[in-house]
1. For the stretch 171-219, name all the residues that are small (Gly, Ala, Ser) and under 28 Å from Glu230 (Cβ atoms).
2. Regarding Asn102, is this residue out of contact with any strand residue (DSSP E or B) (no Cβ under 6 Å at 6 or more places or on another chain), loosely packed, with under 12 Cβ neighbours inside 10 Å and farther than 30 Å from Gly57 by Cβ?
3. Considering only the stretch 165-184, state which residues are within 17 Å of Ala203 (Cβ to Cβ), of a type outside the set (Ser, Thr, Tyr) and either modelled with pLDDT under 95 or assigned to a loop (DSSP other than H, G, I, E, B) (or both).
4. If the Cβ limit is 7 Å and pairs must be 6+ apart or interchain, which residue in the stretch 112-139 that is closer than 19 Å to Val93 by Cα pairs with which residue that is of a type in the set (Lys, Arg) and crowded, with 19+ Cβ neighbours inside 10 Å?
5. Tally up the residues in the stretch 205-240 that are under 28 Å from Ala158 (Cβ atoms), modelled with pLDDT under 95 and out of contact with any Lys or Arg (no Cβ under 9 Å at 6 or more places or on another chain), please.
6. Do you know which residues across the stretch 189-208 are surrounded by 21 or more Cβ atoms within 10 Å (Cβ to Cβ) and of a type in the set (Ser, Thr, Tyr)?
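The values are calculated or read from the model by the stated rules, or taken from the named source; none is laboratory data. Owing to the predicted nature of the structure, the values given are computational and were not obtained by experimental measurement. Here the Cβ is made from the backbone with ideal geometry for all residues, glycine too, and neighbour counts use every protein chain on show.
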Amino acid sequence: MTDRRYDIQTEIVGNCPNSLYAHSLDGQPPEKWQTLAEHLNAVAGLAEEFATPFGAGDWARAATQPALPKLDPVTEIIPNDKKTVYYQKLRRVNFHFPADLNQRISLADLAARLQRHEQVLCVMNTRAECRRLFELMPEGTLHLSALMCGEHRSQVIAEIKKRLADAAPTRVISTQVIEAGVDVDFPTVYRALAGLDSIVQTAGRCNREGKLQDKNGDWRHGDCYIFAPEKPAPHRCMYQAQDSQFRWADQRGKIAV
């Protein structure tokens, strides 16, 4: 028997909503995997069983709060009446959505916009579009993609950080690879339309340290510009996320983040 081990991760099988939780599965076939919801509820149940005899409470921490029926009622640490105050104090980015999300921008026009900024990051949905856009940018622009070997990516990321630290011109065209734990801080970022989670991840690379100042030395927000790419995303999950933003915008008439 082949011994296969899987790190903690979310596996996408078939349709996007069918998320499965895999953790150290020793040769177990996919049909025996737990769904993410089943796993989270099982963990919540164990936490409750452990806490009750000791008169203790359950603590759950997550980057994105999932639905945990077994932990209801949930008492959040920050009261609702103070959330708005904290959000405003911690807000570092202004989001700019186009007036018409159905109006797609050509790569040539996008490249022209990016060249107006001395320091800017642009995240594309596909490697092909990322490469094409990079080829339209002036010399000195940096390109980042998951197709690069690890050492090459590390060298490019180090160069990005050095240029930013030196306040040197830094234009970067990247795939979503830069959204995964890459600690960089741009005053301006552009993001091809995608799911809100991806948009927020890119925004996390904008004014990340909250040190951005205007010409008068006053603190200011960074800017995150969302645009409809020249071509729709080809992959099913990515396309569904992108399409949901179009439909949401049509229903609301405008987007407020």
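1. Ser174, Ala180, Ala192, Ala194, Gly195, Ser198, Ala203, Gly204
2. For Asn102, the condition - out of contact with any strand residue (DSSP E or B) (no Cβ under 6 Å at 6 or more places or on another chain), loosely packed, with under 12 Cβ neighbours inside 10 Å and farther than 30 Å from Gly57 by Cβ - is met.
3. Result: Gln176, Val177, Ile178, Glu179, Ala180, Gly181, Val182, Asp183, Val184.
4. Final answer for the pair search is Leu114/Arg171; Val120/Arg171; Leu121/Arg205; Val123/Arg191.
5. Qualifying residue count for the region: 3.
6. Matches in the stretch 189-208: Tyr190, Thr202.
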